[in-house]
Amino acid sequence: MFRRRLMAIIATVSVAIASAAAALLPTTPSAAAEACAAPYNNSAVYTASMRVSHQGRNWTAKWWTQYETPSTGGSGVWQDNGPCGEGGGGGGGGTCNYPNWAAGTFYPAGSIVRYTDGNHYRAKHENPGYDPVISTWYWEPYTCSGGGGTTPPPGGGTNGFPVSEAQYNQMFPLRIPFYSYAGLIDAARKYPAFTGTGDATARKREAAAFLANIDHESGQLRYVEEQNQANWPLYCDRSQSYGCPAGQSAYHGRGPIQLSWNFNYKAAGDALGIDLLNNPDRVKNESSVAWQTGVWYWMTQNGPNSQPAHSAILGSQGFGGTIRSINGALECDGRNPATVQNRVTTYQRFSQILGVDPGTNLYC
């Protein structure tokens, strides 16, 4: 009996000593978030394996990228490495230097935004841009001091894009949610010269011209895929060395400019750092990718014209030149005057919304 009592006393003392020792031990490094890499710079070029920090998290680039803010959405170029610096949890710390919340933007867990009420919120769970004051399971209040959120420039849209979200919604009252304003803004960052060249008049004209042509190509942003499925097998050019790995019918029109043909998917994917040849459905499944293909075509492809639509609207060809760059072989030179008139009428209406003169040479 005495032996049992003695063993119990020794065990109790041992536990107490161990607990005291644990209280004195320093926290191991693994319990803390890793140090933050250099902050993301929107104008910098990043190549594979380069690391940055953004909104309290570290990120690694998977391939070449520029003007694409780190997130797990978009083209998928960024790998989320988790919280950095002070990291995680609940409600506070830091300077209030966070972007404005934007509906439709994908936010990974840990993202911090400034809401329209002036308060800040942190994403507890990743979400596709839910409202922080409504979707409280996804968002929690975040306390910070000083600084301030970024705001759109006066009279324009996000990141200098000359169309505000309100104007965009006015232009496309029938659009489906897939064609989000946030997706368009994300895509516009890929090509800084897109609606970023010349004075305010030139920039607004280009935005109006791009969106007017998109309006026609996508049925007022209501369709993501080509409606006539009988044509789907026709867009595979087997003479190309890479063939049609996704299937004979995989390269039909998708997105706001109805990207078609295997060679266009290959060229667009190579330019954007996305494998669209093997994964063409990314154009119909990811808003930013869809918009990126539209901007890519606008900025780089001549079509039946002698220059891309971007150069045409900024030069002497005017809006008529953009029609020729996109579908001139079927519409210009009297081939389909009704369709050309539809594009011109829409361009004039969008120009009016943006408060800019449409210029001359409206027809092709």
Ignoring everything but the protein chains, give the 1.4 Å probe accessible area of Trp63 in square angstrom, nearest 10.
70
Taking only the alpha carbons of segment 199-297, what extent do you get along each of the three principal axes, in Å, biggest first?
44, 28, 23
Show the residues, 5+ positions off or on another chain, whose built amide H is closer than 5 Å to the amide H of Asn58.
Asn81, Gly82, Cys84
Given a 1.4 Å probe and the protein chains all in place, what does the accessible area of Asp237 round to, in Å² to the nearest 10?
40
Starting from the residue with the highest accessible area, list Lys190, Lys62, Lys266 in decreasing order, probe 1.4 Å.
Lys62, Lys266, Lys190
Cβ-defined net charge surrounding Pro280, 13 Å radius [Lys, Arg +1; Asp, Glu -1]:
-1
Put Ser306, Ser311 in order of accessible area, largest first, 1.4 Å probe: what do you get?
Ser306, Ser311
Which order do Glu225, Glu68 take when ranked by solvent-accessible area (1.4 Å probe, heavy atoms of all protein chains), largest first?
Glu225, Glu68
What would the Debye formula give as log10 I(q)/I(0) at q = 0.23, 0.27, 0.30, 0.31 Å⁻¹ for the alpha-carbon point model of segment 315-364, no solvent?
-0.79, -1.01, -1.14, -1.18
Please list, in order along segment 57-63, the HN-Hα scalar couplings obtained from phi with the Karplus expression 6.51 cos²θ - 1.76 cosθ + 1.60 (θ = phi - 60°), rounded to whole Hz, x for Gly and Pro.
9, 8, 9, 10, 6, 8, 7
Given H placed 1.01 Å from N in the peptide plane, which residues other than close sequence neighbours of Trp139 have an amide H under 5 Å from its amide H?
Lys124
Kindly write out, for segment 282-292 in residue order, the coupling ³J(HN,Hα) from the Karplus curve 6.51 cos²θ - 1.76 cosθ + 1.60 (θ = phi - 60°), rounded to whole Hz, with x marking Gly and Pro.
4, 5, 9, 9, 10, 4, 4, 5, 4, 5, 4
The answer for segment 190-301, accessible area per residue at 1.4 Å probe in Å², is 37
With all protein chains in place and a 1.4 Å probe, Lys124 shows an accessible area in Å² (nearest 10) of 80
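The values are calculated or read from the model by the stated rules, or taken from the named source; none is laboratory data. Bear in mind the structure is a predicted one, so any value in this text is a computation, not a measurement. In this analysis, Cβ positions are derived from the backbone assuming ideal geometry, glycine residues included, and neighbour counts consider all displayed protein chains. Only protein heavy atoms, including side chains, enter the accessible area calculation; ligands, DNA and RNA are left aside. Shrake-Rupley method; radii C 1.70, N 1.55, O 1.52, S 1.80 Å.
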